[in-house]
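J.: This is the structure I have questions about; it appears just below.
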Amino acid sequence: MTTARWPGTLAVSGVPSARPVRAAADFAARCPSAERVRSVLAQVVQWGWCHPHDLHTELRSARLLSRPAIHAAAGELLAGVRSVAEAQARDALTGTDLPPPLWNARLYTPDGTFLASPDAYWPDEGVALEVDSAEYHYTRDAWHATLRRRLRLESHGVLVVSATPSMIRDTPDEVLAALRTLLTLTTPRPTPPTATARGHQQLELPWPTDRESRP
């Protein structure tokens, strides 16, 4: 493959390799599947291989943001989404009458102790959505860790709706109905949650200019 933007390299087991952010962008440029692009871009950020802002910069430099699938995936990551399951949950919420949540916000107790980072969180109502995949809860320890996280949230007044990716994909109306009920019950909230979200920023991803979209 020829390129006018030769990537910087790093050594992996002695083999010169492109940085993950560049490899992800090159994959997105050549993959015809929107869902695979969505998955790979989410994974490279979720696994800590790059920051979503760095990925956005790389995609913009490669003039890939004019492609709807890549633009949408990059926008999800800037909004805080970190997995395909969370992206599907965001899709289900889009266009509903529910207020937009914070994605993967970090919640803290009043004394500044880290509490949890729910997949989606409505700070005004103190409601969280947790997307729990059986794939990650196969062992007893993993399942117990999930239950302990939910207990920590509930002990600080956060109401939690739990759903699997298949529920969000196949029966989204049931998940939305549960969220709508809790969000309605908490308005006004007689006992507001003691957890607070801090240091969370969600950015909009604008469409590129005509100049940026030209090869």
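Nothing in this text is a laboratory measurement; each read-out follows from the coordinates by a stated rule. The shown structure was predicted, so the numbers you read here are calculated from the model rather than taken from an experiment. All Cβ positions, even for glycine, are placed from backbone atoms using ideal geometry, and neighbour counts span all protein chains on display.
J.: Output ³J(HN,Hα) for segment 49-64: one whole-Hz value per residue in order, computed from phi by the Karplus curve 6.51 cos²θ - 1.76 cosθ + 1.60 with θ = phi - 60°, and x for Gly and Pro.
T.: Per-residue couplings from phi come out as 7, 6, 8, x, 5, 5, 5, 4, 4, 5, 5, 5, 4, 7, 6, 9 Hz.
J.: Here's something else I'd like to know. Among the chymotrypsin sites (Phe, Trp or Tyr not before Pro) within segment 78-185, which fall in a DSSP loop and have no more than 14 other Cβ atoms within 10 Å of their own Cβ?
T.: Answer by residue number: 138.
J.: Tell me which residues come under 5 Å, amide H to amide H, from residue 115 once H is placed; ignore anything under 5 positions away on its chain.
T.: The list, which skips near neighbours in sequence, is 107, 108, 109.
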